[in-house]
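Data first, discussion second: the structure below is written as structure tokens.
Computed from the coordinates by the stated procedures, all read-outs in this text should not be read as laboratory data. All values reported here derive from a predicted model rather than from experimental measurement. Backbone-built Cβ (ideal geometry, glycine too); neighbour counts: all protein chains shown.
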Amino acid sequence: MELWQQMVRDSVHTVDQLVNRFKIDRQVAESLNEFFQVRINPYYLSLIRYPGDPIWLQCVPDIQELQDLDAAEDPLMEDAMSPVPNITHRYPDRALFLTTSQCGLYCRFCTRKRKVGDSEKISMKGLEAAFNYLETHTEIRDVILSGGDPLMLTDVMLEKILKRLRQIPHIEIIRLGTKMPCVLPQRITPKLVEMLKKYHPIYINTHFNHPWEITPESSKACQMLADAGCPVGNQMVLMKDVNDDPVIVKELMQKLLKIRVRPYYMYMADETKGANHFRTSIAKGLEIIDKLRGWTSGLAIPHFVIDAPGGGGKIPILPNYVLHYDDEKIVLRNYKNKVYTYNNGSQTTKAKKAAVKNNGNGNGNGNGKSKRGAITRKVVLPELTEADLN
Ligand code: SF4
């Protein structure tokens, strides 16, 4: 047995452990464990600094999970968009391939609580139908292995899946959606990365939510993946009392870049049953992006998205940088709330006529040299107040 497998076995996972270690009332602990089972491996457990801290909140069950009675189990309608077991096909050229129900840690905010941990619901029996679907749907060029966590599979099983996918000519990209580099970095072994190298291009989507998760162990895991030629991206979920703070998010994003992980998405938490107590406001998300953009490298800024309820897919949202826009120009504010005007590159007929009349050449800049549209005019105005921007 490999070290990481032993660590999974050594996880906190029983009602007795919940009662004794976290002082949860026995009846509540039983209900919580039945609703969504507990698994906290010794590595992630060691990251907790005090009760109720951002690590604790992500992994220790809370009675609020049981009070969320009206919410949907599958708000993203993944099951309705599943043409065969184990596949969700929502976007035109890519598909989600669920390969296991198991995870190295069961996150209390998980959006797939309905399936995760239940081997009947994501079963290996469905793999053949899934492969057949991927083989016959030639529009699919990008497959995301998920679950559960595909790195809970043994190297041998994972290699079988990768080998089979690589025999499908139209599949260009394989992505692994895995939380292991963050929650159980011991899973990233030299043997695993040597195997992955054979099936490039392999991309990794991982899932850090808080700077305390960046440790020597998780840093090493991410760097091993990067050294093996796997670009690693991070999907963070915005969660109340975990990371709903621009200072925390900035620190996380900057630390991720240092371990060669590119911030990719920052999600609003899904409206999933048993996880709504993690949700925070959209205004908070916009504030966080506003305090990143311009204040740190663009590399450190994730796309802020809402995964639309009802299966609409990820929809990006941005703070309002556009103050005015018409055929001729756009008026923008920058990160310091200074206002700038950019003239439209493809001038309207009216603007072109005006330019010809004024300059006699139609280039719009009066010197006859540039072939581009009117020169951008930079207008610096006094700082705007919040009220001006609303
Ligand atoms: S690792 Fe992913 S799938 Fe597993 S419990 Fe956490 S969020 Fe859910």
Practice task
Quantify how much of the Cα-Cα distance distribution of segment 230-355 extends past 16 Å, in percent.
Solution key: 69 percent
Handout entry: Cα-based convex hull, segment 189-260, per residue volume (Å³, whole number)
Key = 79 Å³
Handout entry: Positive-pole candidate from LEU45, LEU153, LEU238, dipole of the chain, charges at beta carbon
Key = LEU238
Problem - Whole-Hz ³J(HN,Hα) from phi, Karplus 6.51 cos²θ - 1.76 cosθ + 1.60, for segment 101-112, glycine and proline x - result: 8, 8, 9, x, 8, 9, 7, 5, 9, 4, 8, 10
Practice task
Using only Cα atoms, locate the centre of segment 29-107 and the centre of segment 136-190, then give the distance between them in Å, rounded to an integer.
Solution key: 19 Å
Practice task
Run a plain Debye calculation on the chain (Cα atoms as equal point scatterers, no solvent) and give log10 I(q)/I(0) at q = 0.08, 0.09, 0.14 Å⁻¹, rounded to two decimals, same order as the q list.
Solution key: -0.51, -0.62, -1.23
Handout entry: For segment 87-316, fraction of C-alpha pairs farther apart than 34 Å, in %
Key = 11 percent
Completion exercise
Of all DSSP beta bridges with both partners in the chain, the antiparallel percent, nearest 5, is 35 percent
Handout entry: Length-normalised contact order of the chain in % [C-alpha pairs under 8 Å, at least 6 apart]
Key = 12 percent
Handout entry: Using alpha-carbon coordinates, inclination of helix 26-35 to the longest axis of the chain, degrees
Key = 60 degrees
